[in-house]
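Report on the structure given below.
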Amino acid sequence: MRLQAALSEWGHPGFEDALKRELMRLGSAGLPLQAGLTAGSQVLDRPISVIIKRIDEAGQVIRVRVGIFFKSVIAGCSCADDPTPTSELDEFCELQLDMDKMTAVTSVTLLD
């Protein structure tokens, strides 16, 4: 993925807000949240919340550790007599973003 809007704010006070906006725009479809599930079995297509935990600069890479709050559900068969509750579950995972300073190409790693 490319986080061009965030990169354009690098070195300015608006970097964190720009990064949060881009990640929230990507949402659950653009981030590896399914692999970070702890309570549910399926990530829901709902808005996410992002917190910036740490920002480091390593040569040509901007390394950012973020926390993502999102929703999941335990998927059942959706039959009329299915006892599985359909309530949304709160989830949280941490991701490491490695953003190339020249191209804004960003790799994402799920952290434990």
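Here is how the numbers come out for the structure above:
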| item | result |
| --- | --- |
| Filter result for Ser41 (within 18 Å of Val108 (Cβ to Cβ), of a type in the set (S, T, N, Q) and at pLDDT below 95) | no |
| Selection within the range 1-23 - open to solvent by 80 Å² or more (accessible area, probe 1.4 Å) and either more than 16 Å from Lys53 (Cβ to Cβ) or in contact with a Lys or Arg (Cβ under 7 Å, 6 or more places away or on another chain) (or both) | Arg2, Gln4, His12, Pro13, Arg21 |
| Positions within the range 43-63 being more than 15 Å from the chain's Cα centre (by Cα) and surrounded by 13 or more Cβ atoms within 10 Å (Cβ to Cβ), in sequence order | Ile55, Val61, Ile62 |
| Qualifying residue in the range 74-88 (condition: at pLDDT below 95 and surrounded by 16 or more Cβ atoms within 10 Å (Cβ to Cβ)) | no |
| Pairs with Cβ under 8 Å, 6+ apart, first in the range 43-56 and at positive phi, second open to solvent by 60 Å² or more (accessible area, probe 1.4 Å) | none |
| Cross-chain or 6+ apart pairs with Cβ under 6 Å, the range 1-27 first and closer than 18 Å to Glu57 by Cα, then modelled with pLDDT under 95 | none |
| Looking only at the range 89-103, and only at residues there that are under 15 Å from Val73 (Cα atoms) and not aromatic (Phe, Trp, Tyr), the one that is surrounded by the fewest Cβ atoms within 10 Å (Cβ to Cβ) | Asp90 |
| Residues satisfying the stated conditions in the range 24-42, i.e. open to solvent by less than 80 Å² (accessible area, probe 1.4 Å) and either under 18 Å from Gln96 (Cβ atoms) or touching a strand residue (DSSP E or B) at 6+ places or on another chain (Cβ under 6 Å) (or both) | Leu26, Ser28, Gly30, Leu31, Pro32, Leu33, Ala35, Gly36, Leu37, Ala39, Gly40 |
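The values are calculated or read from the model by the stated rules, or taken from the named source; none is laboratory data. Bear in mind the structure is a predicted one, so any value in this text is a computation, not a measurement. All Cβ positions, glycine included, derive from the backbone under ideal geometry; neighbour counts span all protein chains shown. Protein only, heavy atoms only, side chains kept; ligands, DNA and RNA dropped before computing areas. Shrake-Rupley method; radii C 1.70, N 1.55, O 1.52, S 1.80 Å.
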